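In what follows, a single structure is set out as structure tokens and then discussed.
Bear in mind these aren't lab numbers, they're just calculated from the coordinates by the rules spelled out. All values reported here derive from a predicted model rather than from experimental measurement. Here Cβ is always computed from backbone atoms with ideal geometry, including for glycine, and neighbour counts include all displayed protein chains.
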Number of protein chains: 2
Amino acid sequence: MSFDQRLSLLLVEDDPALGPLTAELLSDDFRVELATDGQTGLRRALSATWDVLVVDRGLPLRDGASLVAALRAKGVATPVLMLTALGTTEDKIFGLDAGANDYLTKPFDAGELVARLRALTRTYRAASMVLPLGEWELDAATRLVTSPYGDRIPLTETESAMLRTLATEPQRVFTRAELLQALFHAEDTPGVIDTYVHYLRNKISKTAVRTVHGVGYQLGEP
Amino acid sequence: MSFDQRLSLLLVEDDPALGPLTAELLSDDFRVELATDGQTGLRRALSATWDVLVVDRGLPLRDGASLVAALRAKGVATPVLMLTALGTTEDKIFGLDAGANDYLTKPFDAGELVARLRALTRTYRAASMVLPLGEWELDAATRLVTSPYGDRIPLTETESAMLRTLATEPQRVFTRAELLQALFHAEDTPGVIDTYVHYLRNKISKTAVRTVHGVGYQLGEP
DNA sequence: GTGGTTTCTCAGAACTCTCTAAGAACTCAT
DNA sequence: ATGAGTTCTTAGAGAGTTCTGAGAAACCAC
């Protein structure tokens, strides 16, 4: 169980030639999973947390635009690049308005696809990457948590990653399975999560992470 | 005096014909300001907070890509759509890697431009199930009741479920049998309901649940 | 290699939640 | 005012969940 720096990408493409080819093409920069129909694609999109989705417009069982619309209706904000053979402006507008963030028509240039995906997944932070945690803050680069009084607490990489994950959506309650997926890309041994929550509470404060009994964990107030 | 709902957009475009035309085109959906060279564009981009920028690639005084790179270097994360006459894939990749979020080549379709800008500025609100309870509210996911003063009271799953059930029809009086059915799919031991009503009143307030003698319970005023 | 750190597993302890049960307090029609 | 019915309150046992610490394994820098 170890870190994979690549971002996770769900590719939904039914073409038996283009699908694996595109997956291969993207595998340098992304951890790619391939789904070959809209139904499966939607299920996989919902069953894990992805950094970005690439969705073909014309898909069996469920249309790409409908897939994206369904995701958006559920409040999933993951960036989506829609891929399609249909090239008219109306198609593009329809796809974008369904909830896609970008739209690329086939045949596309491999370099452009990767560049657009980079643009979609890129996040900007002033100077060093510092996330506010209520009164506290976490510098992701140095992995130092700073208290309002100026105390600085060093975190390990996993501890920092967990705190960052929780901080991405402070309101949300993350299940053990979700955290396990986000931190380790694993599905078994959810007990690790408890242990790291324990570490964080020891290092920062008892209330840094809130337990929602029977559900999971949520960012608390340090 | 009324609030201008439109999003703010800074258009940086030097073409004396295309600039005002595009500004006009976008003015239905955006509050547009036009800058006609890269230097001025960068200054205006930094001197205010914009919802989105549209930047031409070829600009006098400072190139569009350099403008965006400068913004990004300062940690400005505003979405940028780059507009250009140069259409090669290398140009697109260069523009995107400079920090643009989207790239459109001239001549572009007005509808597509607007659709892409909508996609860039769109934000998804996670469908957080928050029910209003008079002055108070209950977040179903975190099971936290928030008072008008900001106090947050954690509920257990059953307490939260009961409050949610009562809140579905605030006017209605629920019999014990109905609540029992809704919460436990049970028919016996209606005494549990009383107990949980008691818990809710303890945690929130005496008046959170109203008793209708001989009938059942109703949502009260916390 | 060696020593130090970090990561992961595990199992018992501690805790929370749920639901029952039973007496006390209340309500209301007579 | 009385009593039958209804509601409130409290305590506690059982099931399940979470916490915690200790040790083994992996990793890393020297």
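Can you give the longest stretch of chain A with no exposed loop site, where a site means trypsin sites (Lys or Arg not before Pro) in a DSSP loop (not H, G, I, E or B) with at most 15 other C-beta atoms within 10 Å? Present the calculation step by step, with values, prior to reporting the outcome.
Numbers: sites that count: A:R6, A:K74, A:R122, A:R125, A:K206.
Within chain A, the longest run free of exposed trypsin sites (Lys or Arg not before Pro) spans A:126-205.
Considering the dipole of segment A:89-222 built from charges on the beta carbon (Lys and Arg +1, Asp and Glu -1) around the Cα centre, which of A:L96, A:V130, A:V145 is farthest to its positive end?
A:V145
What residues of segment B:160-177 lie in the reach of a label at B:Q218, counting those whose backbone N is under 18 Å from a point 7 Å from the Cα along Cα→Cβ?
Residues passing the 18 Å test: B:163-177.
Looking at segment B:129-169, which GluC sites (Glu not before Pro) are DSSP coil and have at most 16 other C-beta atoms within 10 Å of their C-beta? Intermediate values should be presented prior to the final figure.
Values: sites: B:E135, B:E137, B:E157, B:E159; in loops: B:E135.
In loop regions of segment B:129-169 (DSSP not H, G, I, E or B), the sparsely surrounded GluC sites (Glu not before Pro) are B:E135.
Distance in nm between label sites at A:Q171 and B:Q181, each 7 Å beyond Cα in the beta-carbon direction?
3.3
If we count every other residue with Cβ under 14 angstrom of B:G38's Cβ, Lys/Arg +1 and Asp/Glu -1, where does the sum land? Don't skip to the answer; put the middle values down first.
Working: positive: B:R43, B:R44, B:R57, B:R62; negative: B:E13, B:D14, B:D15, B:D37, B:D56, B:D63.
Charge balance in the 14 Å sphere: -2.
At each listed q (0.09, 0.11, 0.23 Å⁻¹), what is the log10 of I(q)/I(0) that the Debye formula gives for segment A:7-127 modelled as equal alpha-carbon point scatterers?
Relative scattering, expressed as log10 I(q)/I(0), comes to -0.21, -0.31, -1.51.
Evaluate the Kirkwood expression for the hydrodynamic radius of segment B:130-219, namely the inverse of the mean inverse distance over all pairs of different C-alpha atoms, and round to one decimal in Å.
13.1
So what's the Cα pair-distance distribution over segment B:168-222, bin width 5 Å, in %?
The percentages, shortest bin first, are 5, 21, 30, 28, 15, 2.
At 7 angstrom along the Cα-to-beta-carbon line, where would the label on B:G75 sit relative to the other copies? Give the distances in nm, shortest first.
3.0
Mind checking which aspartates and glutamates have their C-alpha under 18 Å from B:K206, skipping anything on the same chain fewer than 8 residues away?
B:E135, B:E137, B:D151, B:E159, B:D194, B:E221
Give the aspartates and glutamates reachable from B:K106 as a straight Cα distance under 16 Å; neighbours fewer than 8 places away on the same chain don't count.
By straight Cα distance, B:K106 reaches B:E13, B:D14, B:D15, B:D56, B:E90, B:D91.
Taking 45 Å as R0, compute the FRET efficiency from the Cβ-Cβ separation of A:A48 and B:T189 and round it to 0.05.
0.65
If amide hydrogens are placed 1.01 Å from N in the peptide plane, which non-local residues have theirs closer than 5 Å to the one on A:G220?
Close amide H contacts, sequence-distant or interchain: A:V209, A:R210.
Sorted from largest down, what three extents in whole angstroms do the Cα atoms of the protein assembly as shown have along their principal axes?
78, 52, 49
Roughly speaking, what % of Cα-Cα pairs in chain B are separated by over 29 Å, rounded to a whole number?
51
Assigning unit charges at the beta carbon (Lys, Arg +1; Asp, Glu -1) and nothing else, what dipole magnitude in debye, to the nearest 20, does segment A:1-157 show about its Cα centre?
With only Lys, Arg, Asp and Glu charged at Cβ, the dipole is about 300 debye.
7 Å along Cα→Cβ for the label point: how many nanometres lie between B:D28 and each equivalent label in the other copies, listed shortest first?
Taking the point 7 Å beyond Cα along Cα→Cβ, the inter-copy spacings are 4.3 nm.
How crowded by other chains is B:111-121, given as the mean number of beta carbons from other chains within 10 Å of each beta carbon?
Values: counts 5, 8, 2, 3, 10, 7, 1, 3, 14, 3, 0.
Going residue by residue through B:111-121 and averaging, the value is 5.
Can you give the FRET efficiency to the nearest 0.05 for A:D109 and A:S147, using r as the Cβ-Cβ distance and R₀ = 51 Å? Write out the running numbers ahead of the final one.
On the way: r = 49 Å, r/R0 = 0.96.
The pair A:D109/A:S147 has a calculated efficiency of 0.55.
Apply the Karplus parameterisation 6.51 cos²θ - 1.76 cosθ + 1.60, with θ equal to phi minus 60°, to every residue of segment B:143-148 and state each ³J(HN,Hα) to the nearest whole Hz, in sequence, with x for glycine and proline.
6, 10, 9, 10, 7, x
Just to confirm a number: summing +1 for Lys and Arg and -1 for Asp and Glu over residues other than B:L83 whose beta-carbon lies under 12 angstrom from that of B:L83, what do you get? Walk me through the numbers on the way to the answer.
Values: positive: B:R57, B:K92, B:K106, B:R116; negative: B:E13, B:D14, B:D15, B:D56, B:D91, B:D102, B:E112.
In short, -3.
If you take the beta carbon distance between B:K74 and A:L21 as r and set R0 to 45 Å, what does 1/(1 + (r/R0)^6) give as a FRET efficiency, to the nearest 0.05?
On the way: r = 39 Å, r/R0 = 0.87.
E between B:K74 and A:L21, to the nearest 0.05, is 0.70.
With charges set only on the Cβ (+1 for Lys and Arg, -1 for Asp and Glu), what does the dipole of the protein assembly as shown come to about its Cα centre, in debye to the nearest 20?
Working: 46 positive and 60 negative charges, 275 e Å.
Once rounded to the nearest 20, the dipole reads 1320 debye.
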